[in-house]
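The values are calculated or read from the model by the stated rules, or taken from the named source; none is laboratory data. Since the model is a prediction, treat every value here as computed from it, not as a measurement. Backbone-built Cβ (ideal geometry, glycine too); neighbour counts: all protein chains shown.
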Amino acid sequence: MSQPIHILQLYPNDMNIYGDQGNVLVLQRRLQWHGYEPVVIEYNVGDPFPSHVDIVIGGGGQDSGQEKIHADLLKIGPQLKQLAEDGTPMLLVCGLYQLFGNFFKTSQEKTLQGIGILDVETHGTNERLIGNIITRNDEFGDIIGYENHSGQTFLGEGVEPFATVVKGAGNNSRDLHEGARYKNVIGTYLHGSVLPKNPRIADAMIELAVTKRYSDYTPHVIDDLFTDLARSVAMDRPR
Amino acid sequence: MPHPFIVLMGKAVRYAARLRGGGSALPGLFVEKIDPDFIKKTLAQLPKGVVVISGTNGKTTTTKMVVSLLEAHGLRVFTNRTGSNFTRGVAAALLKDVDMKGQLEADIAVLELDEAHAVKFVAAVQPRYSLLLNVMRDQLDRFGEIDATANMLAKIASMTSQAVVLNREDPRVRRIATALQTQQVSYFGLGDDLLHHFPSDDDMRSRTVKTIKRPEASVALTKHQDNHATFMIDGRTYDTDLKLNGIYNVFNASAAIALTKAVMANEFDVAKTIAALATVTPAFGRGELMTVGGQPLELVLVKNPSGFRLGLKSFEPEGWATMIAINDDYADGRDMSWLWDVEFDTLASVGVSQVSGVRCYDMALRLQYDEVAVAHIEPELSIALRQFIDHNRDTPKRIYCTYTAMLGIRKELAKITKVEVIS
């Protein structure tokens with residue numbers, strides 16, 4: 001009997017850059033390979049908010065994309081906040097990571113209010129943090145990706161860093177934090193895309209979502225040989 | 001006029017660089033250091049001025065077409081043929097073509113320039129014409145954001161003195177017209193039936209192409225089937241066979257025609273244009289065909305998601321063996337994210353015979369998630385190429401490759417077949 005899992009993809013039209021689509025694809029495929037039925041709900045500006053959501057995923061965008069979705073995001077903020085408090089696994093990359101925080105202050109001193117699920121603040125700069133990045137997290141080990149951002153993010157009291165930078169910049173050019181975590185909500189600057197090369201994060205999100213919805217989780221074994229080889233090459237590439 | 005001594009020294013460096021092998025920009029670097037005004041002074045002599053061609057995809061093949069079309073109209077054309085599309089490459093190409101007095105035997109210069117370099121170039125040398133092809137996600141390591149790239153193209157347009165030709169189907173390029181005051185603006189475009197082949201970078205996400213009201217195109221591609229194309233030029237249709245393959249090359253043919261119209265104005269000759277277009281072959285690595293062991297081998301350069309998608313869409317995989325070679329050197333872009341913006345499911349029915357390049361495992365991983373079977377993986381290009389040929393002796397072969405992977409593959413192919421020398 002098929003067991004559907006509903007993935008809410010936030011703003012694929014405007015916030016979807018540098019391969020963020022890869023994260024959705026990895027969740028879809030791994031759900032299938034684990035024996036579940038993925039259902040992707042694309043949510044764009046003005047769409048009705050779905051009644052049932054198991055996983056939330058969102059990506060980065062141009063400054064123009066952020067401005068387009070901003071008002072709509074504030075509108076659905078309370079629903080997303082409720083999902084976060086209920087333990088729904090979420091992955092927000094780059095632009096939406098910033099807007100899930102308290103605010104984003106651009107380099108022209110304009111402030112974009114965030115939805116405050118993650119207690120972080122972001123300040124626009126003229127410096128672009130760009131290149132291959134490796135971070136480490138106790139649960140997931142080495143996390144490998146590519147960062148490309150000029151906003152610098154700083155963590156508040158109510159949130160933990162998602163990982164510690166081993167190589168690269170991470171949240172900002174001052175501390176060694178990369179990303180943020182609150183309950184099962186992960187914010188990160190990693191593209192690459194992040195989930196294909198770090199399937200342990202994808203599997204953890206899937207396990208949380210399935211367990212929450214169906215109480216029982218029996219994963220299958222997935223052949224991750226290509227992942228391991230791609231990771232080991234990526235570890236040695238220049239910044 | 002440039003100083004004869006500098007020309008002579010530059011030519012000497014060029015000769016020495018060629019003896020060493022490679023380094024098409026080195027002599028240009030030399031002249032640039034000794035005489036920063038060399039390019040400006042030399043190009044200022046040209047009676048019909050300078051054309052700049054820029055954009056993310058298709059510059060090299062489009063430039064090749066424009067040169068042929070203008071030559072068909074009797075113009076002597078100077079161009080930076082080597083694909084070294086930085087200022088230095090222009091200086092290097094000039095050195096090759098000027099005589100010892102620094103005189104250039106040409107009526108017009110047609111230059112393909114990378115967006116960022118084009119901005120610097122137009123600040124020094126004002127182009128009379130510019131052709132702006134598209135803005136896509138490419139080399140974001142260098143430019144940061146796609147909107148920033150669009151601003152670079154807008155800058156090139158605003159610095160152009162006479163006429164600007166824009167891609168009507170790319171919203172970021174079409175928008176450039178609104179800021180132009182004094183220049184003549186014309187567009188190249190697609191018939192409505194073909195629009196779905198070219199989702200812009202924004203439409204790529206939503207998978208639906210919005211039909212909105214678009215300005216009139218001076219030249220439009222209205223039909224395309226294999227090597228046959230129909231163009232609408234000033235409201236009349238013209239059919240022709242082409243040596244170009246791939247719909248993106250054929251679309252850029254309409255760009256080349258529109259630019260030729262802008263340059264030739266009243267002297268524009270449709271019959272000559274179409275006849276010349278029919279003979280143009282793709283630029284190296286852009287659908288370039290060679291013969292290996294009696295079978296065709298095709299090289300398709302892929303640099304960014306939209307280019308890769310168009311390549312996969314343009315070339316039928318049935319009956320062909322496929323190899324994909326992905327490097328991540330600076331010229332390729334270090335970020336592998338772009339592979340996840342391309343769908344490979346069209347290759348699922350035949351599979352991929354060989355994957356290679358520094359990032360071959362990233363490519364294999366990408367194919368795994370589209371459930372495309374991969375037969376062989378080998379990072380080293382020379383070994384992979386030999387395996388690919390050995391495993392597919394009796395089949396036509398196609399290699400999708402990033403820029404530096406293409407250079408490596410051409411070098412290996414030169415050992416076994418005739419490969420056009422790029423000087």
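Filter region B:235-274 down to the residues that are loosely packed, with under 14 Cβ neighbours inside 10 Å and either touching a residue at least 40 places away in the same chain (Cβ under 8 Å) or assigned to a helix (DSSP H, G or I) (or both) and list them by number. Result: B:Ala265, B:Asn266, B:Glu267, B:Ala271.
Taken across region B:81-101, residues that are closer than 20 Å to B:Phe38 by Cβ, modelled with pLDDT of 85 or more and either in a loop (DSSP other than H, G, I, E, B) or among the β-branched types (Val, Ile, Thr) (or both) do not occur at all. When A:Ser173 is tested against (1) assigned to a strand (DSSP E or B); (2) in contact (Cβ under 8 Å) with a residue 24 or more places away in the chain, only condition (1) is not met.
Residue-wise test of (1) modelled with pLDDT of 95 or more; (2) among the small types (Gly, Ala, Ser).
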{"site": "A:Ser2", "(1), (2)": "no, yes"}
{"site": "A:Pro12", "(1), (2)": "no, no"}
{"site": "A:Asp20", "(1), (2)": "no, no"}
{"site": "A:Arg29", "(1), (2)": "yes, no"}
{"site": "A:Ile41", "(1), (2)": "yes, no"}
{"site": "A:Gly59", "(1), (2)": "no, yes"}
{"site": "A:Ile76", "(1), (2)": "yes, no"}
{"site": "A:Lys81", "(1), (2)": "yes, no"}
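Could we say that B:Val419 is of a type in the set (A, V, I, L, M), touching a residue at least 40 places away in the same chain (Cβ under 8 Å) and surrounded by fewer than 23 Cβ atoms within 10 Å (Cβ to Cβ) here? Considered against the rule, which asks whether it is of a type in the set (A, V, I, L, M), touching a residue at least 40 places away in the same chain (Cβ under 8 Å) and surrounded by fewer than 23 Cβ atoms within 10 Å (Cβ to Cβ), B:Val419 comes out as yes.
Do we have B:Asp362 as touching a helix residue (DSSP H, G or I) at 6+ places or on another chain (Cβ under 6 Å), part of a loop (DSSP other than H, G, I, E, B) and farther than 16 Å from B:Thr291 by Cα here? Working first, answer last.
Values: touching a helix residue (DSSP H, G or I) at 6+ places or on another chain (Cβ under 6 Å): yes; part of a loop (DSSP other than H, G, I, E, B): no; farther than 16 Å from B:Thr291 by Cα: yes.
Considered against the rule, which asks whether it is touching a helix residue (DSSP H, G or I) at 6+ places or on another chain (Cβ under 6 Å), part of a loop (DSSP other than H, G, I, E, B) and farther than 16 Å from B:Thr291 by Cα, B:Asp362 comes out as no.
The set of residues in region A:180-229 being over 30 Å from A:Phe154 (Cβ atoms), within 14 Å of another protein chain (Cβ to nearest Cβ) and either of a type in the set (Lys, Arg) or not in a helix (DSSP H, G or I) (or both) consists of A:Ile222, A:Asp223, A:Asp224.
May I ask you to verify whether B:Ala150 is closer than 26 Å to B:Phe308 by Cβ and either buried (at least 21 other Cβ atoms within 10 Å of the Cβ) or modelled with pLDDT of 90 or more (or both)? Talk me through it step by step, then tell me what you get.
Numbers: closer than 26 Å to B:Phe308 by Cβ: yes; either buried (at least 21 other Cβ atoms within 10 Å of the Cβ) or modelled with pLDDT of 90 or more (or both): yes.
Taking the combined requirement at face value, the residue satisfies it.
In the set (1) away from chain B (no Cβ under 14 Å); (2) at positive phi, A:Gly168 fails one condition alone, (1).
Taking the listed residues B:Ile324, B:Ile389, B:Ile399, B:Ile377, the one that is of a type in the set (A, V, I, L, M) and in a helix (DSSP H, G or I) is B:Ile389, with no other qualifying.
Counting just the residues of region B:361-393 that are over 17 Å from B:Ile409 (Cα atoms) and of a type in the set (Phe, Trp, Tyr), which one comes out nearest to the chain's Cα centre (by Cα)? Here the answer is B:Tyr361.
Of the residues making up region B:340-347, one or more are assigned to a helix (DSSP H, G or I), within 13 Å of chain A (Cβ to nearest Cβ), modelled with pLDDT of 90 or more and farther than 26 Å from B:Lys59 by Cα.
Out of region B:115-138, which residues are within 30 Å of B:Ser337 (Cα to Cα), buried (at least 22 other Cβ atoms within 10 Å of the Cβ) and away from chain A (no Cβ under 14 Å)? Listed by number, the residues that qualify are B:Glu115, B:Ala118, B:Leu131, B:Leu132, B:Leu133, B:Asn134. Residue-level check: of (1) crowded, with 24+ Cβ neighbours inside 10 Å; (2) touching a Leu at 6+ places or on another chain (Cβ under 7 Å); (3) away from chain A (no Cβ under 14 Å), B:Gly357 misses just (3).
For region B:300-320, a residue qualifies if it is closer than 14 Å to B:Cys401 by Cβ and away from chain A (no Cβ under 14 Å), and the qualifying residues are B:Val300, B:Leu301, B:Val302, B:Lys303, B:Gly307, B:Gly311, B:Leu312, B:Phe315. When B:Pro396, B:Pro379 are checked against the criterion of being more than 23 Å from A:Arg29 (Cα to Cα), surrounded by fewer than 23 Cβ atoms within 10 Å (Cβ to Cβ) and within 13 Å of another protein chain (Cβ to nearest Cβ), a single residue qualifies: B:Pro379.
Test B:Leu312 against the stated conditions and say whether it is under 23 Å from A:Gly22 (Cα atoms), part of a helix (DSSP H, G or I) and free of Cβ contacts under 8 Å to residues at least 12 places away in the same chain.
no
More than 13 Å from chain A (Cβ to nearest Cβ), hydrophobic (A, V, I, L, M, F, W, C) and crowded, with 21+ Cβ neighbours inside 10 Å: which single residue out of B:Met363, B:Met323 fits that description? Full working, then the answer.
Working: B:Met363 fails: more than 13 Å from chain A (Cβ to nearest Cβ).
B:Met323 is the lone residue from the list that is more than 13 Å from chain A (Cβ to nearest Cβ), hydrophobic (A, V, I, L, M, F, W, C) and crowded, with 21+ Cβ neighbours inside 10 Å.
The listed residues are A:Ile134, A:Ile115, A:Ile143, A:Ile130, and the only one of them that is outside any strand (DSSP E or B) and either touching a strand residue (DSSP E or B) at 6+ places or on another chain (Cβ under 8 Å) or under 24 Å from A:Lys68 (Cβ atoms) (or both) turns out to be A:Ile115. Residues in region A:123-145 that are at pLDDT 95 or above and hydroxyl-bearing (Ser, Thr, Tyr): A:Thr135 alone.
State all residues of region B:375-409 that are among the small types (Gly, Ala, Ser) and closer than 14 Å to B:Gly351 by Cβ; if no residue qualifies, say none.
Hit for region B:375-409 is B:Ala375, nothing else.
Does A:Ile144 satisfy the condition of being in contact with a helix residue (DSSP H, G or I) (Cβ under 6 Å, 6 or more places away or on another chain) and under 18 Å from B:Ser337 (Cβ atoms)? It is true that A:Ile144 is in contact with a helix residue (DSSP H, G or I) (Cβ under 6 Å, 6 or more places away or on another chain) and under 18 Å from B:Ser337 (Cβ atoms).
Given the condition among the aromatic types (Phe, Trp, Tyr) and farther than 28 Å from A:Val53 by Cα, answer yes or no: does some residue in region A:150-160 qualify? Scanning region A:150-160 turns up at least one residue that is among the aromatic types (Phe, Trp, Tyr) and farther than 28 Å from A:Val53 by Cα.
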